[in-house]
Amino acid sequence: MNKLQTFSKYFIPIFFLAGFLIYGASLSNSFIWDDEEQIVNNGLVHSIKNLPHFFQGSTFNTGGTGNLSGLYYKPLMTVFFALFYTVFGDNSFFFHFFQLVFHLANTCLIFVLFRKIFPQNKKDSRVLAFFLSLIFLVHPINVETVVYSSSLQDILYMFFGLVSLIFLIKKELTIKRTLTLSLLLLLSLLSKETGIIFVLLSVVYIYLYQKEKLKSLIGAVLITLIAYSILRFGVAQVFFNKHNLSPLTRIPLLERLPSMPKIITFYLTTFLFPVYLSISQHWVVKSFTFTDFYKPLAFSLIIFLALTTYLYHLYRSKNPLRKTFLFFYCWFIFGLGLHLQIFPLDMTVADRWFYMAEVGLLGMAGILILDLKPVISRFSLFLFFLAAIVLAVFSIRTISRSLDWRNGLTLYSKDERITPNSFDLENNLGVELYRVGRIQEAKTHFERSVEIAPFWWTNWNNLGAVYEREKNIEAAKEAYLTAIKNGQYYLSYENVAKITFFGENNPEEARKFVKDSLKILP
């Protein structure tokens, strides 16, 4: 026991050492993907002096209109972007550094949470909490969350949500502490809408363990939701609108339902075997085939039936672990359920969307291990080496995947082979190829993107840039005008004005076009 206590002193330092060893090489990665429109080209986040604007809109650059556009409300992420940019400029190293630090902080908070929720009278609980937290730290499915700067939202909502849960567990809810809890939950929600899960989990935890706090918690929740609603709907006027670009967002709920079993299977199999990791996945299950529907459905039903049966067994036998398992069961269901396309999202699946559900899954695994300890202890040496191998394999895969994110060209080239028929991945790869002078290859990918998503605007604008470079002025202008028709894309307005003035040598028409455009984008 003394050896265990001595070793446990090094748990937190081990987290930080492992984190920097595994993710250290990724700190030199470039800005990538949505980073360009949310950070690099987004003038508002280049100064913390623009703080009021961050609570008055979404997150994306709008071409100098003085506002932030988008479908979601994540002002706290934008605040942190502005803080980093004000102090460090456009040096991506520091954005990655602080994002990694927050991931390490989340790992430590998960360790603390496991320690507090796992049975205190079991001496192995601390070591188990350490191992499960280490899995969370090094798991390859979290690479997108950690190294992609625009995913800071996921890191932040998890951070403030975990702090709120630990605060709730430890503290009596006086008026002052109730307000503090409300603030923590609000900060989680202001980081990302998914923070609502921590509101639900707070209610579940109090109902299971500390019902005497229920009235105070309800007060805290009401304060949080009222404050959030005032900021989002009153100040920013950001409502719940569909993305309407991803194929799943363009179909009704009944047509989205067949994709759900495959989505569940994707997350669980990727967690167990994180081999084929890729961004921008927009697949849709359109037919009831064995591979796309029946097999994933059977797998999903077996998993949830097994979990529910085990939960029933714990309650029927009055096992002291039953409430803890139920808590993490709810955590997993809430985290996964929010990303099953009941409410359509801008992609079918994304690795970063499992960041929350993963903790619930690890928590349930921990309870199962504690419950089966008499059996497991017979194979302790074998399981120790197996755990070491799993951690080593996951760490190597994480290092490999984080290096895919070095720059846009490396990431998109790699992922395009894994995820074909992705309209934005094709477009983004085309952009990177264009930047390095591989124009014809870029054109092929822009044309492919337009073929997949003729209703988008960015791909048409980029295809127009290729036509303009080829001196095909008529085709270029037509492509730019299509981009404007599809989405009033600010760059396309600039390009049409430029090509009309210089390419067609028609300053009068260009002047009229600019004057009319200013009415739309003042």
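The values are calculated or read from the model by the stated rules, or taken from the named source; none is laboratory data. This one's a predicted model, so the numbers in the text were calculated from it and none came from an experiment. When we count neighbours, we look across all protein chains shown, and the Cβ atoms used for this are built from the backbone with ideal geometry, even at glycine.
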In segment 308-346, how many are under 18 Å from Phe118 (Cβ atoms) and of a type in the set (A, V, I, L, M, F, W, C)?
10
In segment 348-372, which residues are among the hydrophobic types (A, V, I, L, M, F, W, C), in contact with a helix residue (DSSP H, G or I) (Cβ under 8 Å, 6 or more places away or on another chain) and outside any helix (DSSP H, G or I)?
Val349, Ala350, Met356
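Restricting the search to segment 271-292, which residues are assigned to a helix (DSSP H, G or I) and closer than 30 Å to Ser151 by Cα? Even if it seems obvious, please write down each step before you answer.
To start, the set of residues in segment 271-292 that are assigned to a helix (DSSP H, G or I) comprises 271-272, 290-292.
Correct list: Phe271, Leu272, Asp292.
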Condition broken by Leu248, with the remaining ones in (1) free of Cβ contacts under 8 Å to residues at least 40 places away in the same chain; (2) more than 30 Å from Ser395 (Cβ to Cβ) satisfied:
(1)
Assess whether Ser202 counts as being modelled with pLDDT of 95 or more and over 18 Å from Val359 (Cα atoms).
no
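One residue is enough: does segment 490-506 have a residue meeting the conditions in a loop (DSSP other than H, G, I, E, B) and surrounded by 15 or more Cβ atoms within 10 Å (Cβ to Cβ)?
Our first condition is that a residue be in a loop (DSSP other than H, G, I, E, B); within segment 490-506, this holds for 504-506.
Going one step further and asking which of them are surrounded by 15 or more Cβ atoms within 10 Å (Cβ to Cβ), we end up with none.
Within segment 490-506, none of the residues are in a loop (DSSP other than H, G, I, E, B) and surrounded by 15 or more Cβ atoms within 10 Å (Cβ to Cβ).
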Under 6 Å between Cβ atoms, at least 6 apart or on separate chains: pull out the pairs that start in segment 462-480 with a residue that is in the same structural domain as Ala497 (by TED's automatic domain parsing) and end on any residue that is among the charged types (D, E, K, R).
Val466/Lys443; Ala476/Glu468
Looking only at segment 316-326, how many residues end up being surrounded by fewer than 22 Cβ atoms within 10 Å (Cβ to Cβ) and in contact (Cβ under 8 Å) with a residue 40 or more places away in the chain?
5
Suppose we filter Ser133, Ser191, Ser182 for residues that are free of Cβ contacts under 8 Å to residues at least 60 places away in the same chain and of a type in the set (Ser, Thr, Tyr); which single one remains?
Ser182
Residues in segment 394-450 that are in contact (Cβ under 8 Å) with a residue 60 or more places away in the chain, within 25 Å of His243 (Cβ to Cβ) and not in a helix (DSSP H, G or I) total 4
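This table checks each residue for (1) touching a Pro at 6+ places or on another chain (Cβ under 6 Å); (2) aliphatic (A, V, I, L, M); (3) at pLDDT 95 or above.
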site	(1), (2), (3)
Lys176	no, no, no
Leu187	no, yes, yes
Leu214	no, yes, no
Val235	no, yes, no
Phe240	no, no, no
Note on segment 164-177: residues crowded, with 22+ Cβ neighbours inside 10 Å and in a helix (DSSP H, G or I) are Ser164, Leu165, Leu168
What are the residues in segment 230-240 that are farther than 19 Å from Phe343 by Cα and outside any loop (DSSP other than H, G, I, E, B), if any?
Ile230, Leu231, Gly234, Val235, Ala236
State all residues of segment 293-324 that are touching a Leu at 6+ places or on another chain (Cβ under 9 Å) and part of a helix (DSSP H, G or I); if no residue qualifies, say none.
Phe299, Ser300, Ile303, Tyr310, Leu311, Leu314, Tyr315, Arg322, Lys323, Thr324
In segment 40-59, how many are at pLDDT below 85 and either within 11 Å of Leu83 (Cβ to Cβ) or acidic (Asp, Glu) (or both)?
0
